Amino acid sequence: MHQMTLAEIARGLAEKKFSSEELTKTLLARITQLDPQLNSFISLTEELALQQAKAADARRANGESGALLGAPIAHKDLFCTQGIRTSCGSKMLDNFKAPYDATVVAKLAAAGAVTLGKTNMDEFAMGSANESSYYGAVKNPWNLEHVPGGSSGGSAAAVAARLLPAATGTDTGGSIRQPAALTNLTGLKPTYGRVSRWGMIAYASSLDQGGPLARTAEDCALLLQGMAGFDPNDSTSIDEPVPDYSAGLNGSLQGLRIGVPKEYFGAGLDPRIAELIHNSVKELEKLGAVIKEISLPNMQHAIPAYYVIAPAEASSNLSRFDGVRFGYRCEDPKNLIDLYKRSRGEGFGPEVQRRIMVGAYALSAGYYDAYYLKAQKIRRLIKNDFMTAFNEVDIILGPTTPNPAWKLGAKNSDPVAAYLEDVYTITANLAGLPGLSMPAGFVDGLPVGVQLLAPYFQESRLLNVAHQYQLNTDWHTRTPTGF
């Protein structure tokens, strides 16, 4: 059963080939057996999962149906889950049990999804490798000596290792798409505002967006259907009708205009990945797409702009973790200042501290105009580049990452080298655009992803292209040895 996709599980449950309870017990046993190799879960919610599975079976027995009714998933551990530890991968929140469900959690639970647990992540979603977690690094099931990507690496590793069919993630600068690429999955970052951020612990509020990680575009469509929609609790949620994502999967690609930015193929890209990207372009051409070279001239400024804006917002968002109201508190503080300093110094890991310091500096008097304001102006230029490009093309295609997954610890002494792995993904967050990564081949036995970007609220177009590509290729069906 563990080899089934979300769509296959939905069909199997509908045809009564197995029950949700049977499936849930099978996958919980598999997680218990195999996850010690991967460290992809922070918390297993066995009791909750079995309750939800029994309830889903009862709902089906009463004539209810639905693609997610009884389907097992997991949540990245920054989605608040009532009464269950929500740690954000940090010592700071190791003892925090959320008093409510995030909107995403509540919507998926209402659709009948079964929560198997909470997945490991870079601390407060800050990282590209899933090595900054307080609970230890997550390992890539394709090679246990390599990273799975971050910050949604726990969700990605668990799905790639067939511990469960799909999971939620969040994407601030590529944190769904990059781990999807490095673990041979399909991962979708929706348009900013498409999925509610209420109850999703914030890293950078103007960039964060929740989305699905699964093996296929078809599965991502099913999970996104359950996640998307307007939420009055979230001031950045956009009241835009949610289409039937599954209904649009089978559209023809005849005449689809695909833009390939020349800036994507510079010196930083592994030439073997470049070849796989060109192969995927040829595959889409066979399906009727029309390819056009385009330019995104301000892409070169994306990383410096992002690493001013995101830390600035993080320094503001993380100021609430002060040892006073909830979360970690140091022992025997001498006074209030000592409480603040030691609680934050002991509760946050080095990567989080680094970004808070950078952000506080960028926002400080005398530097705001020079750094933060300038970064926001660059952000607008990047958005304008995309708007110009989408006047000429329907989709933008390129690599998801410049390199395949690197070895654990390889970039720990050089944070900037890790930041550069986000070069192709962060522009979508700066502009608020939807983006998808799908499997495109292997380099040295490690997966490679191809990224698709679309205009605002055109997630259906991304899923349609990815689904048609996956009907004609088999990269997404490959399974890591031992799993």
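Annotations
- Any hit, the range 453-463, residues being farther than 20 Å from Asp394 by Cα and in a loop (DSSP other than H, G, I, E, B): no
- Selected residue (only one of Ser132, Ser196, Ser205, Ser128 is among the hydroxyl-bearing types (Ser, Thr, Tyr), within 27 Å of Asp234 (Cα to Cα), touching a Gly at 6+ places or on another chain (Cβ under 7 Å) and in contact (Cβ under 8 Å) with a residue 24 or more places away in the chain): Ser128
- Of the strands (runs of 3 or more DSSP E) entirely within the range 166-230, none holds at least 1 residues that are open to solvent by 10 Å² or more (accessible area, probe 1.4 Å) and in contact with a helix residue (DSSP H, G or I) (Cβ under 9 Å, 6 or more places away or on another chain).
- Hits in the range 203-237 (condition: within 16 Å of the chain's Cα centre (by Cα) and either at pLDDT below 95 or within 28 Å of Val308 (Cα to Cα) (or both)): Tyr203, Ala204, Ser205, Ser206, Leu207, Asp208, Gln209, Gly210, Gly211, Pro212, Leu213
- In a residue-by-residue description of the range 233-243, the property of being buried (at least 21 other Cβ atoms within 10 Å of the Cβ), in contact (Cβ under 8 Å) with a residue 60 or more places away in the chain and touching a Ser or Thr at 6+ places or on another chain (Cβ under 8 Å) applies to no position.
- Answer residue from the range 411-425, given it is of a type in the set (Asp, Glu) and either surrounded by 23 or more Cβ atoms within 10 Å (Cβ to Cβ) or in contact with a Gly (Cβ under 8 Å, 6 or more places away or on another chain) (or both) and is nearest to Thr170 (Cα to Cα) among those: Asp422
- Lys292 passes every criterion in (1) part of a helix (DSSP H, G or I); (2) open to solvent by 30 Å² or more (accessible area, probe 1.4 Å); (3) within 19 Å of Asp385 (Cβ to Cβ); (4) in contact with an Asp or Glu (Cβ under 9 Å, 6 or more places away or on another chain) apart from (1).
- Only listed residue being open to solvent by 20 Å² or more (accessible area, probe 1.4 Å), basic (Lys, Arg) and in a loop (DSSP other than H, G, I, E, B), chosen from Arg354, Arg329: Arg329
- Boolean, Ser413 is polar (S, T, N, Q) and modelled with pLDDT under 95: yes
- Summed over the range 59-83, the residues that are in contact (Cβ under 8 Å) with a residue 40 or more places away in the chain and touching a strand residue (DSSP E or B) at 6+ places or on another chain (Cβ under 7 Å) give a count of 10.
- Residue under evaluation Ser246, criteria (1) under 28 Å from Glu21 (Cα atoms); (2) open to solvent by 10 Å² or more (accessible area, probe 1.4 Å); (3) small (Gly, Ala, Ser); (4) assigned to a helix (DSSP H, G or I), criterion not met: (4)
- Residues of the range 38-73 that are open to solvent by less than 10 Å² (accessible area, probe 1.4 Å), part of a helix (DSSP H, G or I) and within 20 Å of Val105 (Cα to Cα): Ala49, Ala53, Ala56.
- The range 100-145 - residue that is part of a loop (DSSP other than H, G, I, E, B) and charged (D, E, K, R) and, of those, nearest to Ile176 (Cα to Cα): Asp122
- Residues in the range 142-165 that are more than 21 Å from Ala71 (Cβ to Cβ) and either surrounded by 24 or more Cβ atoms within 10 Å (Cβ to Cβ) or among the small types (Gly, Ala, Ser) (or both): Trp142, Val147, Pro148, Gly149, Gly150, Ser151, Gly153.
- Restricting attention to the range 377-410, the residues that are assigned to a helix (DSSP H, G or I), open to solvent by less than 50 Å² (accessible area, probe 1.4 Å) and either more than 18 Å from Gly174 (Cβ to Cβ) or at pLDDT below 95 (or both) add up to 1.
- Applying the set (1) surrounded by fewer than 19 Cβ atoms within 10 Å (Cβ to Cβ); (2) at pLDDT 95 or above to Tyr361 leaves exactly one unmet item: (2).
- Checked against (1) among the polar types (S, T, N, Q); (2) closer than 24 Å to Val147 by Cβ; (3) over 17 Å from the mean Cα position of the chain (by Cα), Ser460 passes all but condition (2).
- Subset of the range 1-37 (residues that are β-branched (Val, Ile, Thr), under 25 Å from the mean Cα position of the chain (by Cα) and surrounded by fewer than 18 Cβ atoms within 10 Å (Cβ to Cβ)): Thr32
- Restricting the range 443-481 to residues that are charged (D, E, K, R) and in contact (Cβ under 8 Å) with a residue 40 or more places away in the chain leaves a set whose member that is least open to solvent (accessible area, probe 1.4 Å) is Glu459.
- Residue match in the range 426-433 (condition: outside any helix (DSSP H, G or I), buried (at least 16 other Cβ atoms within 10 Å of the Cβ), in contact with a helix residue (DSSP H, G or I) (Cβ under 8 Å, 6 or more places away or on another chain) and of a type outside the set (S, T, N, Q)): yes
- Contact map, the range 25-38: residues that are within 20 Å of Pro148 (Cα to Cα) paired with residues that are charged (D, E, K, R), Cβ distance under 6 Å, separation 6+ or inter-chain. Pairs shown: Leu38/Lys139.
- Residues in the range 424-477 that are acidic (Asp, Glu) and within 18 Å of Pro241 (Cα to Cα): 1 in all.
- For Gly268, the requirement of being small (Gly, Ala, Ser), buried (at least 18 other Cβ atoms within 10 Å of the Cβ) and part of a loop (DSSP other than H, G, I, E, B) is not met.
The values are calculated or read from the model by the stated rules, or taken from the named source; none is laboratory data. Since we're looking at a predicted model, the values are computed, not measured. Positions of Cβ are backbone-derived with ideal geometry, glycine not excepted, and every protein chain shown enters the neighbour counts. Heavy atoms of the whole protein, side chains included, go into the accessibility calculation; ligands, DNA and RNA do not. Shrake-Rupley method; radii C 1.70, N 1.55, O 1.52, S 1.80 Å.
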